[in-house]
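Asker: Questions regarding the structure given below will be posed in turn.
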Amino acid sequence: MDLMTIFTNSFAQLIAPTTAAYVLAAIGLNIHFGMTGLMNMGQAGFMLLGAYGFAITQSMGWNLFASVLAALTLAAVYAVLLGIPTLKLGPDYLAMVTLASAEIIRIIGRSTSLTSITGGSGGISPQDFTTQFENLSPLPEGNSTILLWSYSNNIADSWWLRIVAWALVLIAVLLTWRWYRSPWGRVLKGIREDENVIRSLGKSVTKFKLQSLFLGGAFGALSGIIFVLPRSVQPDSLGRQVTFYVWTILLLGGAASILGPVLGSCLLWVLLTVVKESMREGISSNLISSNQIESLGWVIVGVALMCLVIFRPQGLIGDRRELAFNA
Amino acid sequence: MPDTTVQTGTPFQDLPAARAARSEDPQSAAVDYSGTVAKDLAYVEHEPGVHKPDPILVADNVTRRFGGIAAVDVGHFEIERHGITALIGPNGAGKTTFFNLMTGFDKPDTGTWQFDGNDLASVSSEKVARMGMVRTFQLTKVMNRLTVLDNMLIGAPDQPGEGMLRSLFPMLWKSREKEIITQAESLLDRFLLLKKKDDYAGSLSGGQRKLLEMARALMSNPQLVMLDEPMAGVNPALKQSLLDHIVALRDEGTSVLFVEHDMNMVRHIADWVTVMAEGKIVAEGPPRDVMNDPAVVDAYLGAHANIDLGDDSVLQDVE
């Protein structure tokens with residue numbers, strides 16, 4: 001029975017909307033880093049902007065698709081604002097600027113002076129922005145159990161959200177596959193290798209970098225929407241640590257590979273849950289408290305990641321000849 | 001003595017034979033560009049900043065200072081169309097800086113220059129390349145983690161698939177892609193790299209990278225290629241074929257400007273030599289005259305420039 005609980009809870013992560021949200025964010029980051037070589041250390045900023053853009057316009061009563069469009073527009077504007085002054089900088093400076101900008105967005109979002117719009121640090125609660133999405137569901141009301149997992153059909157952390165989230169992942173994977181193998185993707189990879197070459201061959205590096213920043217940011221914004229739909233918009237839940245989870249996922253799966261983000265996200269969350277659940281079931285709570293288990297889970301995953309970066313720097317399915325972490 | 005040119009495709013060791021063939025048949029010389037360029041340049045005076053009959057690049061008063069040092073201070077400079085112009089000079093003479101200025105990779109403090117009649121001052125490097133002036137780099141830049149073929153394809157202009165949205169619809173760019181693949185493969189074949197086309201460029205040797213960089217620059221069919229030390233680190237056998245390629249380029253109508261320290265190369269393929277020292281152009285002329293110019297010999301070549309230092313008799317003479 002205990003083993004069954006561990007199994008059920010762990011593999012629930014495989015279909016969880018949050019896992020899908022991380023896949024989308026990592027796909028966006030893969031466009032930035034894997035294809036273009038941009039060190040974006042603020043993917044959570046794009047996610048938070050997307051979440052705000054969607055939730056705020058929803059609570060104002062906008063159409064669902066108009067809200068998604070608003071989220072994408074915000075990401076685009078942010079990409080341009082961020083990109084124009086920083087894309088001329090080297091990769092390390094870009095990393096600092098993006099990290100700082102993401103924090104700026106989070107801190108502005110939670111500031112008390114904006115409570116009427118963003119809800120301050122309390123955020124925006126789900127009933128304000130999930131109704132339209134839930135009403136769009138074609139599924140009947142009630143709960144369904146498929147194999148071991150039982151969720152509501154339409155409400156909050158629902159089957160409907162799972163279907164939409166993973167459908168978006170599928171579309172994103174197909175799009176990146178197409179982009180990755182197109183002449184456009186080829187130029188981006190050229191910029192990753194040496195932007196002066198691209199310049200000497202008559203292509204506008206800034207234009208391509210801006211497009212890349214926008215596109216990866218747009219996937220980040222979509223990911224932010226999926227991330228907040230089963231919970232609420234909480235500025236602090238989309239902070240720095242989310243950016244680092246996304247990086248972890250990308251490097252785990254393999255940067256510059258198309259299915260790397262999917263594999264990385266599924267593996268990270270399943271493994272983390274396996275480790276935590278096993279400790280919860282297997283070790284007496286007198287020995288380790290549940291808080292400590294939470295932290296220890298991350299420690300173990302962290303060690304595993306260090307080993308990965310040392311022994312398999314290209315990630316699980318990356319091509320070492322193309323892009324490895326310490327190349 | 002205008003006749004310092006090479007016939008298409010002949011290696012430079014066969015120069016005497018080529019010259020003999022040409023003198024027997026004076027008509028043949030006028031057919032390709034090498035002949036016309038040699039004829040045109042024969043009337044040009046051998047002095048710095050001289051005007052040429054048909055310049056493709058004209059620079060005026062170009063200066064670039066780094067702190068108090070004038071890295072480049074060129075009063076007037078012209079590059080003859082369809083010719084092979086060599087830019088030589090001691091280390092730190094400002095050759096590469098001049099390259100960077102001309103191609104928009106660096107901004108000059110003063111100066112104007114025209115390429116094919118179009119003003120180029122403060123035009124960005126990518127626009128310069130699109131106008132038909134493509135450069136290579138002294139420290140070879142290949143895109144290591146792309147295949148050799150992809151390196152070449154990036155060099156091609158007018159690929160509609162390089163638009164972010166258009167790239168999603170292969171029917172919009174597949175036909176152009178086929179064209180440029182054919183072009184890339186024929187260039188790679190010429191540069192002896194066809195067998196390597198699916199390898200990552202990072203796996204190539206230093207000399208092969210030089211070849212790849214040059215081949216890539218030719219993908220856009222430029223009017224003027226600017227080669228920064230194309231021979232550095234290239235083995236003698238490859239050097240030979242590189243020289244042939246450069247000459248063939250000229251004969252097909254491309255103008256070539258190159259920076260080089262290898263005096264054999266300069267002597268054998270250049271139609272015109274420009275010498276820079278301390279940022280200024282100090283001498284110009286056909287290779288043979290320039291290399292006998294006492295100022296150039298003192299500043300750059302040294303007394304034994306024309307002698308093979310591998311020859312032991314030279315050392316005995318010195319002793």
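Asker: Could you check segment B:155-172 and list, in sequence order, the residues that are at the interface with another protein chain (Cβ under 8 Å from one of its Cβ atoms), assigned to a loop (DSSP other than H, G, I, E, B) and either within 21 Å of B:Leu188 (Cβ to Cβ) or under 25 Å from the mean Cα position of the chain (by Cα) (or both)?
Answerer: Across segment B:155-172, the qualifying residues are B:Gly155, B:Pro157, B:Gln159.
Asker: Just name the residue that is nearest to the other protein chains (Cβ to nearest Cβ) out of those in segment A:294-327 that are of a type in the set (Asp, Glu) and closer than 30 Å to B:Asn144 by Cβ.
Answerer: The qualifying residue nearest to the other protein chains (Cβ to nearest Cβ) is A:Glu322.
Asker: Considering only segment B:192-204, I want to know if a residue exists there that is more than 10 Å from chain A (Cβ to nearest Cβ), in a helix (DSSP H, G or I), more than 18 Å from A:Val187 (Cα to Cα) and touching a helix residue (DSSP H, G or I) at 6+ places or on another chain (Cβ under 8 Å).
Answerer: Yes, some residue in segment B:192-204 is more than 10 Å from chain A (Cβ to nearest Cβ), in a helix (DSSP H, G or I), more than 18 Å from A:Val187 (Cα to Cα) and touching a helix residue (DSSP H, G or I) at 6+ places or on another chain (Cβ under 8 Å).
Asker: List the helices (runs of 4 or more DSSP H) inside segment A:177-293, counting only whole elements, that have at least 2 residues being within 14 Å of chain B (Cβ to nearest Cβ).
Answerer: Qualifying helices (runs of 4 or more DSSP H): A:183-193, A:195-200, A:205-228.
Asker: Still on this structure, I have one more. Tell me which residues, restricted to segment B:268-280, are under 24 Å from B:Pro236 (Cα atoms) and outside any strand (DSSP E or B).
Answerer: Hits for segment B:268-280 are B:His268, B:Ile269, B:Ala270, B:Asp271.
Asker: Name the residue, out of B:Ala232, B:Ala184, B:Ala215, that is touching a Phe, Trp or Tyr at 6+ places or on another chain (Cβ under 8 Å) and more than 9 Å from every other protein chain (Cβ to nearest Cβ).
Answerer: Exactly one residue qualifies, and that residue is B:Ala215.
Asker: Cβ-Cβ under 8 Å, sequence separation 6+ or interchain: first residue in segment A:251-270 and free of Cβ contacts under 8 Å to residues at least 60 places away in the same chain, partner surrounded by fewer than 24 Cβ atoms within 10 Å (Cβ to Cβ). Which pairs?
Answerer: A:Leu263/A:Leu316; A:Leu263/A:Ile317; A:Leu267/A:Leu316
Residue-by-condition table, conditions (1) closer than 13 Å to B:Gly89 by Cβ; (2) at pLDDT 90 or above; (3) in a helix (DSSP H, G or I):
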position	(1), (2), (3)
B:Gly207	no, no, yes
B:Lys210	no, no, yes
B:Glu213	no, yes, yes
B:Met226	no, yes, no
B:Met231	no, no, no
B:Ala237	no, no, yes
B:Val266	yes, no, yes
B:Val282	yes, no, no
B:Tyr300	yes, no, yes
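Asker: Looking at B:Asp251, B:Asp244, can you tell me which residue is of a type outside the set (A, V, I, L, M, F, W, C), touching an Asp or Glu at 6+ places or on another chain (Cβ under 7 Å) and touching a residue at least 12 places away in the same chain (Cβ under 8 Å)?
Answerer: That would be B:Asp251, the only listed residue that is of a type outside the set (A, V, I, L, M, F, W, C), touching an Asp or Glu at 6+ places or on another chain (Cβ under 7 Å) and touching a residue at least 12 places away in the same chain (Cβ under 8 Å).
Asker: Quick check on this structure: which one of A:Met47, A:Met39 is surrounded by fewer than 24 Cβ atoms within 10 Å (Cβ to Cβ), in contact with a Leu (Cβ under 6 Å, 6 or more places away or on another chain) and in contact (Cβ under 8 Å) with a residue 12 or more places away in the chain?
Answerer: A:Met39
Asker: Same structure again: Would you point out which residue out of A:Ser257, A:Ser265, A:Ser278 is surrounded by 13 or more Cβ atoms within 10 Å (Cβ to Cβ), hydroxyl-bearing (Ser, Thr, Tyr) and touching a Phe, Trp or Tyr at 6+ places or on another chain (Cβ under 7 Å)?
Answerer: Criteria check complete, one pass: A:Ser265.
Asker: Sticking with this structure for a sec: Within 17 Å of the chain's Cα centre (by Cα), surrounded by 20 or more Cβ atoms within 10 Å (Cβ to Cβ) and either farther than 29 Å from B:Phe137 by Cα or at pLDDT below 90 (or both), is that true of A:Leu175?
Answerer: No.
Asker: Can you give me the number of residues within segment B:177-206 that are crowded, with 21+ Cβ neighbours inside 10 Å and of a type in the set (Gly, Ala, Ser)?
Answerer: 2
Asker: Would you mind finding the one in B:Met152, B:Met131 that is surrounded by fewer than 19 Cβ atoms within 10 Å (Cβ to Cβ), more than 8 Å from chain A (Cβ to nearest Cβ) and not charged (D, E, K, R)?
Answerer: The unique qualifying residue is B:Met131.
Asker: Please work out which residue is surrounded by the fewest Cβ atoms within 10 Å (Cβ to Cβ), limiting yourself to segment B:239-260 and to residues that are in a strand (DSSP E or B) and not β-branched (Val, Ile, Thr).
Answerer: Applying the filter and picking the extreme gives B:Phe258.
The values are calculated or read from the model by the stated rules, or taken from the named source; none is laboratory data. Keep in mind it's a predicted model, so treat the numbers as computed, not measured. In this analysis, Cβ positions are derived from the backbone assuming ideal geometry, glycine residues included, and neighbour counts consider all displayed protein chains.
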